[in-house]
Amino acid sequence: MNYPVWQLGFPGGLLIAAVAVLHVFISHFAVGGGAYLVLTERRAYSHNDSELLGYVRHHSKFFALLTVVLGAVTGVGIWFTIGLVSPEATSSLIHTFVWGWAIEWVFFFVEIAAALIYAYQWDTLDRQIHLIIGWIYFVVAWASLVVINGIITYMLTPGRWLETRNFWAGFFNPTYWPSLWIRTAMAVALAGIFGLVTAMWEPSALRERVVRWAGGWLVLGVAALLPLSRWYFHDFPAYARAYFSGIYPAVHHALLGAVVCAEVALILALFALLRPKRMNPVIVAVLLLAGIGVMGSGEYLREFSRYPYVINGYIYATDVRVGQIEGIAAKGVAKTSPWVEGSADNPHTYGRELFAMECGSCHSVAGYRAMGKFTRGWDAKFGSEILLHLPVVRETMPPFAGDEHDRAALGSYLASLAPATPSGANEKQLGQQVFAIHCALCHSVSGQRRPLDLKGTDPEAIAGMLGTLGDINPDMPPFTGTDAEGRALAIYLSSPK
Amino acid sequence: MNLPIPHPDPMPLPGPLWLLRTLLLLTFFLHVLFMNCLLGGTAIALVCTVRRKSSAFSARLADDLGRLLPSVFAFTITLGVAPLLFLQVMYGQLLYSSSILIGVPWLAIIGMVVLAYYGVYFFSMKGPEPNGKARAVLALVVLLLATVAFVYSNNFTLMLAPERWLDLYHRHASGWNMNWSEPSLLPRYLHFVLGALAVSGLGLVAMGLRQQEGGYRQWLVEQGSLLFTGMTLLNFGVGFWFLVKLSGPVRLAFVGGNGFATALLGIGLLLPLAAVAHLIMAKANKSPKRQLAIGVSCGTLTVAAMVLMRDFLRNLVLAPYFNPNQLQVAPQWSIISLFLLLFVAGLATLYYMLRKVAIATKMQAANAQKLP
C-alpha cells in the first residue's frame, strides 16, 4: 500500500525464487568449497601428491570464477529483487538487521580478497601461508553464513522479537541452530558435488582418487541432512507443520522432491566411493540436478511455511504489516495508498489495481497460481463476500486489507476473470458445478479437506440451510447463487454419487 | 501537491545518523574510486588492445590491466554493497519506490554486471595476444558497464523526484521506465563517466609510480596525466552544464546561496586544477615522484569532494519532502560495537593477507634477479 507494486504479469515471488535458488546453490558451495580446497591442498602435501595439488589449483580457479562472480553478484541480486517485490518487508529487515548485514559485509570483503589471493597466488606464496589464507577464507565464508542464517530464520520464526524488538532475540530465534547446521551440511555436500564436477576434467588415475575423496564429502553432507532436517522441521511453528500433512499438493511435491533428490544424491555418492572408475559426467550432471533439487525444495518449503506472512506475525505476504489491516479496513485502500487511481469512474480498473496490490505477490491472472482457475463462475457478490474469509479459505492467505467498497471492486474484478454460468444436463450435474464454484474452495464432498458429508440429508433441508450459512458458521460467506442453483446444489449434496 | 512518498519505516534508525552517514559516504567514496578505475580501466584496456601492434607499451598495459581488472571488479562490487545498505536504511522509502518504477532496467543491472564480470575474466585469461574476439568482448564489457552506470544515474535522480513517480507508474507499472524527463540526467551521467575516465588516468599515473622500468614508467605517467587532464578540462564544461540543469534554488545554493555548498563547489574546482598543475609541473621535474604523488592525491581528494557534494545535493533536493534528521533513532549499541570491532579485525586480516602477498612477490622478484 505504501509502495508502488511492480506488476510483472507473474508473481514477484517467482522471481525471488529463481534468483535465490541460484544464489544459495552457489553460496553454500562457496562455504563448503572453502574447507574442501584447503583440506585437499593439505592432503596433497601430506601425501606428497603433486597431481592432486594440480587438481586443487584448477579447482580453486573454477571455485573463484563461480563464487566470486556469479555467487557474489546473485547475492546482490536477491537484495535488488526483494526490494522490488516486497519493499515494506525489505525495509523492515534492513531496519532490524542493518548491523548484522554490515558485519556480513566485513566477512564478505575479507572472503573475496582471500578467495582471489588463494586462487591466484599459488606460485607466489609459501605453502604454509597459502594454507592460512585458505583457512581465513573458510572461516569468514562460514561466518557470513552464521550471520545471514539469523536473518533468514528470523523471517520464519521471529520468536521473542515480536514482543521485544530486540536484535539478538530475532537473530538467535527458534530455528537458528538447526538451520545453521543443516546449511553447513548442505555446504559440505555441495563441496563434494562440485569437487566431482572438476574431477571429471582430470586424467583417469587422478580422477579416481579425487572422485573417492569428493564422494566422501558428499556422503558426509547428505547423511547429516536427514537427522538435521528432522530437527529443523520439528522446530517449525505448529501451523506450518500442518502444511506438511498433505493438504497442499505443492508442499507435498516439494517434500517428496527433496527426499528423492537427497536419496539419489546419497546413492550416487556411495557409487562414487565404491566404483570411482565408473563415475562419469552424466552421473555428475544428475548429482548437480539432485543438489539443486534438494536446495530448491528446501528453500521452497521454508518460504511456503512462512505464509501468510513474509515476516512471521509482523508483515503479511502482501507486504502489509499486521498492525495496518484494521486501519486500511476502516479508511479503504484509495485513502491509504497514493498509488491507486480513482475508483468511482472505473471500478474494473480499480479492481485490477487492487488485484495487483493484494494478490499479485503470489498470484497471476492466468499463469502461475492463476486466479482464473479458482474464480471460474464466480459472481461479483460471491467474490466480494469470500474476500472477508481469506484466511479460512486457505491458512496461507493473508486477510484482505480494504473496506467494503474495495471488496466489491476486487470481487467484481475476480468474477470477471473466468465468467461461466453453471449449467448441466440434469439438476445433479448443475449442482456439481454449483458446488465447484461456491463450496469447493474450502470443502470436499467426502475428501480430507473439510468434508461436507450430507449424503442422505433431505434436499429441502439443505436448501434451507443455504440461506443461513453465516449463522451455521460465521466463517462462511452467504450463498449467492440463484434459487434454482441452490436447489440443484442441495440435490447434489444429498446424493453426490 | 500530494506526493506519493511512502511513509518511512515505523522502526527507528538502528544507529545514530552521523554514524550511518559517515559509513555511507566513506564506503561510497571507496566504491567510486574502484568503480572509476573499472570503467576507465576497461575502456583503456580496449584502446590498448586496438593499439597493441603499433605500441609495445600499449600491449604491456593491456596485459597489466588484464591481470588487475578482475580484482578491481571484485572490489567495486564488494565496496558497492555497503553504501547501498546504509542508503536503504536512511532513504529506503525513496529508493525502493524509484527502483520499482524502473524495475526492469534496475534488475537488469545484475545480469549486465555478471556478463561484464565474466567478460573481464575472459579478457584477462586470453593471454598475451588477445584476438578480435577478446577485443569484441572487452568492447561489450565497456558498453555494459556504461549502461549500468546510466541506470544508476536514472535511479538516483528518480529517487529525488517524487513529483514524477505517479505519472511513470500509471504509464508502465511493469517497471519499463527510465527517468528521461530529468533535465540533469544527461549532464550528470556524462560528468560522472568523464570523471571515471579522469580517475582511471590517475590510476595509470599511480601504476607508473610503482614501475621500476624507466620507459614504461614514463609512458604510463604521461598517458595517465594526459587522460586526467583532458577529461578534467572537459568535465569543467560538463559540470557547468550539470549545474545549469539543476533546479533554481538548488543551483543557487552552490553559487553563494549556501556557504557549505559553495565552499564544496569551490574545493571541487580547485582540487582538480591543483592536480592538473602538479601533473604538468612534474613533467619538467627531474625527480617528479613527489609532485606526481601530490597530483594523484589532489585528484583523489576531488572525488571525495564530489561525493560530499553529491550527498549535499541529494539532501538539498529532498529538503521539501524528507529530512532523515526527523527519523527516530534507537541505536543498537551492542551490535554496533561488534561491527566496529569486526571491521577493524577485517581490515587487519586484509592487511595481513596483502602484506604476505607483497613480501612473497618481492622475494620472488629478487630471486628471479639472482638467477643468471
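At least 3 residues that are in contact with a Pro (Cβ under 9 Å, 6 or more places away or on another chain) and not assigned by TED's automatic domain parsing to the domain that holds residue A:248 in each: list the helices (runs of 4 or more DSSP H) lying fully within segment A:419-493 that qualify. Can you show your working first?
On the way: elements: A:427-438, A:459-466, A:469-472.
Of the helices (runs of 4 or more DSSP H) lying wholly inside segment A:419-493, those with at least 3 residues that are in contact with a Pro (Cβ under 9 Å, 6 or more places away or on another chain) and not assigned by TED's automatic domain parsing to the domain that holds residue A:248 span A:427-438.
One line per residue, one yes/no per condition, for (1) assigned to a helix (DSSP H, G or I); (2) hydroxyl-bearing (Ser, Thr, Tyr); (3) within 7 Å of another protein chain (Cβ to nearest Cβ); (4) under 27 Å from the mean Cα position of the chain (by Cα):
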position: B:321; (1), (2), (3), (4): no, yes, no, no
position: B:331; (1), (2), (3), (4): no, no, no, no
position: B:334; (1), (2), (3), (4): yes, yes, no, no
position: B:353; (1), (2), (3), (4): yes, no, yes, yes
position: B:361; (1), (2), (3), (4): yes, yes, yes, no
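Which numbered condition in (1) in a helix (DSSP H, G or I); (2) modelled with pLDDT of 95 or more is the only one that residue B:170 fails?
The failed condition is (2).
Tell me whether segment A:81-100 contains one or more residues that are within 7 Å of chain B (Cβ to nearest Cβ), in contact with a Leu (Cβ under 8 Å, 6 or more places away or on another chain), crowded, with 23+ Cβ neighbours inside 10 Å and of a type in the set (Phe, Trp, Tyr).
Yes: one or more hits.
Check A:251, A:284, A:222 and return the single one that is of a type in the set (Val, Ile, Thr), assigned by TED's automatic domain parsing to the domain that holds residue A:149, touching a helix residue (DSSP H, G or I) at 6+ places or on another chain (Cβ under 7 Å) and closer than 30 Å to residue A:368 by Cα.
On the way: A:284 fails: closer than 30 Å to residue A:368 by Cα; A:222 fails: closer than 30 Å to residue A:368 by Cα.
Just a single option satisfies the conditions, and that option is A:251.
Take the residues in segment A:112-132 that are without any contact (Cβ under 8 Å) to a residue 40 or more places away in the chain and more than 7 Å from every other protein chain (Cβ to nearest Cβ), then tell me which one is farthest from residue A:40 (Cα to Cα).
Residues of segment A:112-132 without any contact (Cβ under 8 Å) to a residue 40 or more places away in the chain: A:113-114, A:117, A:121, A:123-126, A:128-129, A:132.
Add one more test, that the residue is more than 7 Å from every other protein chain (Cβ to nearest Cβ), and what stays is A:123, A:128, A:132.
Details: A:123: 17, A:128: 14, A:132: 14 Å.
By that ranking, first place goes to A:123.
Any residue at all in segment B:230-249 that's surrounded by fewer than 22 Cβ atoms within 10 Å (Cβ to Cβ), under 16 Å from residue B:281 (Cα atoms) and either free of Cβ contacts under 8 Å to residues at least 60 places away in the same chain or within 18 Å of the chain's Cα centre (by Cα) (or both)?
For segment B:230-249, residues surrounded by fewer than 22 Cβ atoms within 10 Å (Cβ to Cβ), under 16 Å from residue B:281 (Cα atoms) and either free of Cβ contacts under 8 Å to residues at least 60 places away in the same chain or within 18 Å of the chain's Cα centre (by Cα) (or both): present.
Output the number of the condition that residue A:22 fails; it satisfies all remaining conditions of (1) surrounded by fewer than 24 Cβ atoms within 10 Å (Cβ to Cβ); (2) at the interface with chain B (Cβ under 10 Å from one of its Cβ atoms); (3) within 30 Å of residue A:4 (Cα to Cα).
(2)
Kindly list the number of the only condition in (1) within 23 Å of residue A:297 (Cα to Cα); (2) within 13 Å of chain B (Cβ to nearest Cβ); (3) modelled with pLDDT of 95 or more that fails for residue A:10.
Here residue A:10 clears every test but (3).
List pairs: first residue in segment B:62-87 and more than 8 Å from chain A (Cβ to nearest Cβ), second residue among the charged types (D, E, K, R) and assigned to a helix (DSSP H, G or I) anywhere in the structure, Cβ distance under 9 angstrom, at least six positions apart or on different chains.
Short answer, once both residue conditions are applied: B:62/B:51.
Listed here are the residues, each with its yes/no results for (1) assigned to a helix (DSSP H, G or I); (2) touching a Pro at 6+ places or on another chain (Cβ under 9 Å); (3) assigned by TED's automatic domain parsing to the domain that holds residue B:192.
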{"site": "B:6", "(1), (2), (3)": "no, yes, no"}
{"site": "B:23", "(1), (2), (3)": "yes, yes, no"}
{"site": "B:26", "(1), (2), (3)": "yes, yes, no"}
{"site": "B:35", "(1), (2), (3)": "yes, no, no"}
{"site": "B:38", "(1), (2), (3)": "yes, no, no"}
{"site": "B:49", "(1), (2), (3)": "yes, yes, no"}
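Go over the candidates B:249, B:272 one by one and state the one that is at pLDDT below 95 and at negative phi. Walk me through it before giving the result.
Numbers: B:272 fails: at pLDDT below 95.
Residue meeting the stated conditions: B:249.
Residues to consider are A:402, A:431, A:486, A:411; find the one that is closer than 27 Å to residue A:350 by Cβ, touching a Phe, Trp or Tyr at 6+ places or on another chain (Cβ under 9 Å) and crowded, with 16+ Cβ neighbours inside 10 Å.
None of the other options fit; the residue is A:411.
The values are calculated or read from the model by the stated rules, or taken from the named source; none is laboratory data. Quick caveat, the model's predicted, so the values are computed rather than measured. Cβ: placed from backbone, ideal geometry, glycine included. Neighbour counts: every protein chain shown.
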